[in-house]
Amino acid sequence: MKFVVLVGDGMGDYPCEVLGGKTPLQAARIPNIRRLAAAGRVDSISTVPEPLSAGSDVANLGLLGYDPHVHYSGRAPIEAVGNGLPLAPDDVAFRCNVVTTDGERMIDYSAGHIETQDAHAFIAAIDQRLGRAGVRFYGGVSYRHLLLWKNGPCDGLNTTPPHDITDQPLAPNQPAGARADEVRAMMEASKEILRDHPVNSRRRAAGKREVSQIWLWGQGRGLKLQPYSEKFGLTGVVISAVDLVRGLGVLAGLDAPRIAGATGFLDTNYEGKVQAAMDALRKKDFAYVHIEAPDECGHIGDAKKKTYAIEQFDERVVGPIWRELDARRESYRLIVAMDHRTPCAKKTHSREPVPVLAIDGPTGALTKEAPFDEDVLANLSAEFSYDWINRALRPC
Ligand SMILES: [Zn+2]
């Protein structure tokens, strides 16, 4: 049996005024998902139970079948694995965003979803000036970069995800606790290095968001996960644009290829991702396909764009994969999920339960539709995502 999990990051939401009181999932035209919901089974899952923070790291760890209470050690070490960086036991990894501020408030945690090439020029300058033996900055994708710091600050240090503080003052959200002064000093020093960087001058002239500073957060030490081959007896692949999810795949002993043109936004290479998943499923048992764009639209607070992102997920990921699975005439279990809500009104993640659906195929053509949205949760009791997926990935 083939197992396929399709994840629309942050698809869940609250009713949005601009959508006439509907949520993006309700406003979106998603015929494939609604047909699967009508013929399959819809459940309610809690993906970020207390006291865990409502991050994609925690939520995707659970959706992959690992208990985040046990395994979670911070976002950055997972991303480091996804980025192929060697993480020594005494290394602490930090996520290093390039962000736009007005000096007082966080304007944009992504510097306008900065082009990777521009960001790498900034990270190179930062590494040259602030790096030293045991302290190295590495360029990732778009605004997502990493710092590896031998024996760096970690335990007792509190940092804040910059996407949680859009439009909010910086001062109360600075790193605090053990050795916070060392982290703050780096963030402070980055301002002067970046201010007059030629790429910033070019970005200003082009009307693009400048990079005001680096923002360090998500620190942690390396982690190990039981491989899928042992845990579920499955071989497989994780398809995602973001190093976080690819890193979880590598840690789970799954393939996690980089897909050309995968951007983590609306312009991603949907067809390339679908192709890579379906190619892998010819030989392997499991595919986890992750689409980041709905979450990013939630962080921007744009409910219409988010609705469109969900429609693209339905039309260009769920539909083609479902049809191709059916055409191959092998038995499969198809799961459509989201890792958490990213309510447009909040511009950040929230921890309420989310819907998930599972269907066993081949299904043949389906026509009847049923809702797949936040309202269906009202009559369901939420189960921890980790428990749900551990059952779902074992055929009955
Ligand atoms: Zn997420």
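When the residues of the stretch 337-361 are filtered to those that are of a type in the set (D, E, K, R) and within 13 Å of the ligand (Cβ to nearest atom), which remaining residue is nearest to ALA59 (Cα to Cα)? Spell out the reasoning first.
Just the residues of the stretch 337-361 that are of a type in the set (D, E, K, R), to begin with: 339, 341, 346-347, 351-352, 360.
Narrowing further to those that are within 13 Å of the ligand (Cβ to nearest atom): 339, 341, 351.
On the way: ASP339: 5, ARG341: 10, ARG351: 10 Å.
Filtering first and then ranking leaves ASP339.
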### Task
Residues that are farther than 19 Å from ARG34 by Cα, modelled with pLDDT of 95 or more and within 21 Å of the chain's Cα centre (by Cα): find the helices (runs of 4 or more DSSP H) completely inside the stretch 285-396 holding 3 or more of those.
293-300, 303-313, 385-392
### Task
Read through the list (1) modelled with pLDDT of 95 or more; (2) away from the ligand (no atom under 15 Å from the Cβ); (3) outside the structural domain of CYS344 (by TED's automatic domain parsing), then give the number of the only condition that ILE30 fails.
(3)
### Query
Given the residues ASP57, ASP43, which is the only one that is of a type in the set (D, E, K, R) and away from the ligand (no atom under 16 Å from the Cβ)?
ASP43
### The listed residue being farther than 22 Å from GLY131 by Cβ and crowded, with 21+ Cβ neighbours inside 10 Å, out of ALA241, ALA171, ALA176
ALA241
### Query
Is it the case that ILE291 is in the same structural domain as LEU244 (by TED's automatic domain parsing), crowded, with 20+ Cβ neighbours inside 10 Å and among the β-branched types (Val, Ile, Thr)?
yes
### Message
Checking the structure you have, find out if any residue of the stretch 84-95 is within 30 Å of PRO371 (Cβ to Cβ), at pLDDT 95 or above and more than 14 Å from the ligand (Cβ to nearest atom).
### Response
no
### Query
When only residues in the stretch 261-305 that are touching an Asp or Glu at 6+ places or on another chain (Cβ under 7 Å) and under 23 Å from SER142 (Cα atoms) count, which is farthest from the ligand (Cβ to nearest atom)?
PHE265
### Message
So, ILE78, is that one at negative phi, buried (at least 24 other Cβ atoms within 10 Å of the Cβ) and not assigned by TED's automatic domain parsing to the domain that holds TRP215 or not?
### Response
yes
### Summary
Being away from the ligand (no atom under 16 Å from the Cβ), closer than 16 Å to ASN390 by Cα and hydrophobic (A, V, I, L, M, F, W, C) narrows VAL4, VAL98, VAL81 down to just VAL4
### Message
Being in the same structural domain as PRO371 (by TED's automatic domain parsing), away from the ligand (no atom under 13 Å from the Cβ) and out of contact with any strand residue (DSSP E or B) (no Cβ under 6 Å at 6 or more places or on another chain) is the requirement here; does VAL18 meet it?
### Response
yes
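The values are calculated or read from the model by the stated rules, or taken from the named source; none is laboratory data. Note that this is a predicted model, so its numbers are computed, not measured. For neighbour counting, all protein chains shown are included, and Cβ atoms are generated from backbone atoms with ideal geometry for every residue, glycine included.
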